[in-house]
Amino acid sequence: VIIKYLLVPALVLAVYLSLRSRASLRGQARRKLLAGLTVVVGVVAVIFPSTAQWAADLVGVKRGTDLLLYFLALVLVYLVGSTGVRFREQEARLVRLSRQVALAEAEARMGLGVTPGYGPRVPGRPVEPSGIVAGSVAGSAAPAE
Amino acid sequence: MSAVSKASTQALGTEPQLRLALPAHAQAHDAESWDDTVVIVRVFNEAPVVRRVVAELVEAGLHVIAVDDASTDNSPEEIDAAGALRVSHPINLGAGGALQTGYEAALRFTEAKYIGCFDADGQHQLKDLLGMIRLIRQGYDVVMGSRFLDQKTEMSPLRRIILRMAAKVMNRGSGTQLTDAHNGLRMITREVAAGIRLSHSGMAYASELEEQLTAPGRRVVEYPVEILYTDYSRGKGQPLLNSVNILADTIAHRVSHGRSR
């Protein structure tokens, strides 16, 4: 039957394409085409109910509704895959953003000198042999004096 | 590769932008100085214990960067009181996300040659950490803590078996043979830290980290450490179930990343 040779590659293709459809222009265009195609197919199927049956007969499926079901399943697979990828990309972006916020906030506190024992880099101050700059410890407890 | 593209891929580099000042009391320790080391402590809702743990490190003369992973208790205040540099996530990023932040903070704010990790819940011991610093100074790139090099750490036989199994899975196809999986005590050099990219933010980070740390060409060595399963750490997590997670994570990582390097 022809449908078998159509469905299996289509399924593999749907998974493959969805997993590598990044936020690229090509991925966006592909999703838009898919959405447009779905609308057209839907409208045609509603206005001429016999077209679904005609297409089903063409590929060797018994009923037109079954063909519609296969088609919907493929669309679903593609959407789940691409949504998951987008979700993960978004999450990675969020992680990077909040990391930068955290580092910037710590840097700001160091610059203000409100972190006892830790201070801003003073230009021209000699670097300790260990490589860590001494200084800006005013106000912190210094028992070693 | 051109210099431009190299600079863009390594946005942080190894040059600090701000530096940690030397805590005044650290100068008293002229017997053995730990100025070349910064310790990263990940803190997530550890208010009852974090102050004691961090203060012990600071009093020993170590520089501590505590990554507060959006704690909802008063952990941030406890960290500040203990004398560590606090880096607070605005939202919870998980253990892996916190570790990556810690490494980036260490590279950005310090010139430390060695970067260590330490747990905030008190299950690690200062003497093990100091021993690992002494060991990495002998010219290693990575020093990993291991519970299984000696018999000091007390744990149930079942837990021991599961963790050993995870270590076996992890070692398959890798150059370096490790005896322990997911040990939180690690000591790495600045150069190694600059190359770490953790994409998993949750607990699954550990397999990924271990893969990056034991990359070919690295001089990796293990150091025997004793983990204290205190009542506090037992109350927080379930050690047995957690080791099952570790095993599952390690296997999942192996499956998704292939066996060959």
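The values are calculated or read from the model by the stated rules, or taken from the named source; none is laboratory data. As the structure is a prediction and not an experimental result, all values here were calculated from the model. Cβ coordinates were reconstructed from backbone atoms using ideal geometry, including for glycine residues, and neighbour counts include every protein chain displayed. When the accessible area is computed, the model is the full protein with side chains, heavy atoms only, and any ligands, DNA or RNA have been set aside. Shrake-Rupley method; radii C 1.70, N 1.55, O 1.52, S 1.80 Å.
Overview of results
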item: Among (1) farther than 26 Å from B:Glu208 by Cβ; (2) surrounded by 21 or more Cβ atoms within 10 Å (Cβ to Cβ); (3) of a type in the set (A, V, I, L, M) - the single one B:Ala55 does not satisfy; result: (2)
item: Single unsatisfied condition, B:Met144 versus (1) part of a helix (DSSP H, G or I); (2) at pLDDT 85 or above; (3) within 27 Å of B:Tyr232 (Cα to Cα); result: (1)
item: B:Ala70 in contact with a strand residue (DSSP E or B) (Cβ under 8 Å, 6 or more places away or on another chain), without any contact (Cβ under 8 Å) to a residue 60 or more places away in the chain and hydrophobic (A, V, I, L, M, F, W, C); result: yes
item: Inter-residue pairs, beta-carbon under 6 Å, first without any contact (Cβ under 8 Å) to a residue 24 or more places away in the chain and at the interface with chain B (Cβ under 7 Å from one of its Cβ atoms) and in the stretch A:98-112, second open to solvent by 50 Å² or more (accessible area, probe 1.4 Å) and of a type in the set (A, V, I, L, M, F, W, C), 6+ apart; result: A:Ser98/B:Ile91
item: Unmet criterion (only one of (1) in contact with a Leu (Cβ under 6 Å, 6 or more places away or on another chain); (2) more than 29 Å from B:Ala70 (Cβ to Cβ); (3) part of a loop (DSSP other than H, G, I, E, B)) for B:Leu149; result: (1)
item: Subset tally (residues that are touching a helix residue (DSSP H, G or I) at 6+ places or on another chain (Cβ under 7 Å), more than 11 Å from chain A (Cβ to nearest Cβ) and either charged (D, E, K, R) or farther than 19 Å from B:Asn183 by Cα (or both)) for the stretch B:107-129; result: 1
item: In the stretch A:19-33, the residues that are of a type in the set (Gly, Ala, Ser) and either over 15 Å from A:Ser82 (Cβ atoms) or in contact (Cβ under 8 Å) with a residue 40 or more places away in the chain (or both); result: A:Ser21, A:Ala23, A:Gly27
item: Filter result for B:Ser71 (more than 9 Å from chain A (Cβ to nearest Cβ), open to solvent by 10 Å² or more (accessible area, probe 1.4 Å), in contact with a helix residue (DSSP H, G or I) (Cβ under 8 Å, 6 or more places away or on another chain) and at negative phi); result: yes
item: Some residue of the stretch A:85-101 being open to solvent by 100 Å² or more (accessible area, probe 1.4 Å), part of a helix (DSSP H, G or I), under 30 Å from B:Ala106 (Cβ atoms) and not charged (D, E, K, R); result: yes
item: Test: residue in the stretch B:148-156 that is of a type in the set (Ser, Thr, Tyr), within 14 Å of chain A (Cβ to nearest Cβ) and open to solvent by less than 20 Å² (accessible area, probe 1.4 Å); result: no
item: Checking B:Gly83 against (1) at pLDDT 90 or above; (2) over 21 Å from A:Ala104 (Cβ atoms), the condition it does not meet; result: (1)
item: Residues of the stretch B:117-141 satisfying the condition of being farther than 18 Å from B:Leu213 by Cβ and not in a loop (DSSP other than H, G, I, E, B); result: B:Leu126, B:Lys127, B:Leu130, B:Gly131, B:Arg134
item: Residues satisfying the stated conditions in the stretch A:34-75, i.e. outside any helix (DSSP H, G or I) and in contact (Cβ under 8 Å) with a residue 12 or more places away in the chain; result: A:Pro49, A:Gly60, A:Val61
item: Restricting the stretch B:123-145 to residues that are out of contact with any Leu (no Cβ under 7 Å at 6 or more places or on another chain) and small (Gly, Ala, Ser), the residue that is farthest from B:Trp34 (Cα to Cα); result: B:Gly139
item: Pairs where the first residue, in the stretch B:98-113, is within 12 Å of B:Val87 (Cβ to Cβ) and the second is surrounded by fewer than 24 Cβ atoms within 10 Å (Cβ to Cβ) and aromatic (Phe, Trp, Tyr), C-beta under 9 Å, 6+ apart; result: B:Ala98/B:Phe44; B:Leu99/B:Tyr205; B:Gln100/B:Tyr205
